[in-house]
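The values are calculated or read from the model by the stated rules, or taken from the named source; none is laboratory data. These figures come from a predicted structure and were not determined experimentally. Don't worry about glycine lacking a Cβ; one is built from the backbone with ideal geometry, like all the others, and counts go over all protein chains shown. Keep in mind that these areas ignore ligands, DNA and RNA; they rest on the heavy atoms of the full protein, side chains included. Shrake-Rupley method; radii C 1.70, N 1.55, O 1.52, S 1.80 Å.
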Amino acid sequence: MPIPTGLEAPGSVAAPFVRIAALSDAPAGTMMRVTRGDLDLLIVHGPSGLCVIDDRCPHMSAPLSLGTLTECVVACPLHRGAFDVCSGDVVQFPTTGGLDADGDYHAPWAPAEGATKPEPTDLKARARAATRVRRLRYYPLRVTGDWIEVRLPDETAAPAR
Ligand code: FES
């Protein structure tokens, strides 16, 4: 799967390829978490092929590996955020609301029917409103024989624990 334009993980473009998993560990339609040093990666095998992103929701860093994969869309287990790994786009903004990657504000989710209620203003609500949904970051990937290899930034190329 090609990496969406401009979404390579910082430091990964010229880094060496490192084996992270056997190809047989990531059959079509699955996601798998792999940890290298302090970096948690998510291998996604969607309809367009394999990709590797951070195993962190771009909202509040929940592990996406505990969510679901439907076609190209990974859904976060925490606040119903959903992200298209084929395009890098947000499919559904988290229910908490907040800022998108461009800094535009999204209101908290509210039912389609029923009275709208004023947004809460307590400290927790203010923190949610200031939380930014960042862009997914992708690690360049290749398949060599039976191995999935990715370019990891040098400082995270430590042996797996
Ligand atoms: S942490 Fe994933 S949607 Fe909030």
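Overview of results
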read-out: Label point 7 Å beyond Cα of Gln92 along Cβ direction - residues of segment 18-57 with amide nitrogen under 18 Å; value: 57
read-out: D_trans [Stokes-Einstein, Kirkwood Rh over alpha-carbon pairs] for segment 5-161, 10 °C, 1.306 mPa s, µm² s⁻¹; value: 95 µm²/s
read-out: Segment 24-91: Rg to Rh, with Rh as the Kirkwood radius over Cα pairs; value: 0.93
read-out: GNM result for the chain, Cα springs below 10 Å: residue of Gly145, Gly29, Gly81 fluctuating most strongly; value: Gly145
read-out: For segment 59-103: accessible area per residue (Å², 1.4 Å); value: 45 Å²
read-out: The chain: calculated mean residue ellipticity at 222 nm from DSSP helix runs of at least 4, using -39500 (n - 2.57); value: -1500 deg cm²/dmol
read-out: Stokes-Einstein diffusion coefficient of segment 75-155, Kirkwood radius over Cα pairs, 10 °C, 1.306 mPa s, in µm²/s; value: 104 µm²/s
read-out: Portion, in percent, of the accessible area of segment 13-125 that falls on carbon or sulfur, probe 1.4 Å; value: 54 percent
